[in-house]
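The values are calculated or read from the model by the stated rules, or taken from the named source; none is laboratory data. This is a predicted model, so every value here is computed, not measured. Cβ placement follows ideal geometry from the backbone for every residue including glycine, while neighbour counts extend to all protein chains displayed. Please note that ligands, DNA and RNA were not included when accessible areas were found on the heavy atoms of the full protein model with its side chains. Shrake-Rupley method; radii C 1.70, N 1.55, O 1.52, S 1.80 Å.
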Amino acid sequence: MIKEKACRTCRFIVEDAKVCPNCGGNTFTTFWRGYIVITKPEESEIAKKMGITKPGKFALRLSR
Ligand SMILES: [Zn+2]
């Protein structure tokens, strides 16, 4: 099983990446809970609130 990790800056979830495709950050955590899938960030209020510009999976909570 692949352990997905979430970007600490914008919460973008990746399976294997050194740099976040959404914000370019390079710090990740595997301690996250829940996620939302954003398909059209330009039409999503949540995406705007969270500063999401790319479609993808985003963690709702980072626990560490
Ligand atoms: Zn990020």
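A few points about this structure:
- Average accessible area per residue (Å²) across the chain - probe 1.4 Å, nucleic acids and ligands excluded: 71 Å²
- Protection proxy ranking for 28-37, 9-18, using the average of other Cβ atoms within 10 Å per residue and placing the highest first: 9-18, 28-37.
- Furthest towards positive pole of dipole, I38, N22, L62, structure part the chain, Cβ charges: L62
- Think of it this way: in the chain, no Cys stands alone, since each has another Cys Cβ under 4.7 Å.
- Entry note, the chain: relative contact order of 36 percent, from Cα contacts under 8 Å with a spacing of 6+ residues.
- Only DSSP H runs of four or more residues enter the estimate; each adds -39500 (n - 2.57), and after division by the residues of the chain the mean residue ellipticity at 222 nm equals -2000 deg cm²/dmol.
- Once all protein chains are placed together, T39 keeps about 100 Å² accessible to a 1.4 angstrom probe.
- Distance between the pseudo-spin-label points of F31 and K18 (7 Å out from Cα toward the beta carbon): 2.6 nm.
- One way to sum up the overall shape of the chain is the equivalent ellipsoid from its Cα gyration tensor, whose semi-axes run 18, 12, 10 Å, largest first.
- Computed about the Cα centre, the dipole magnitude for the range 5-62 is approximately 200 debye when only Lys and Arg (+1) and Asp and Glu (-1) carry charge, each at its Cβ.
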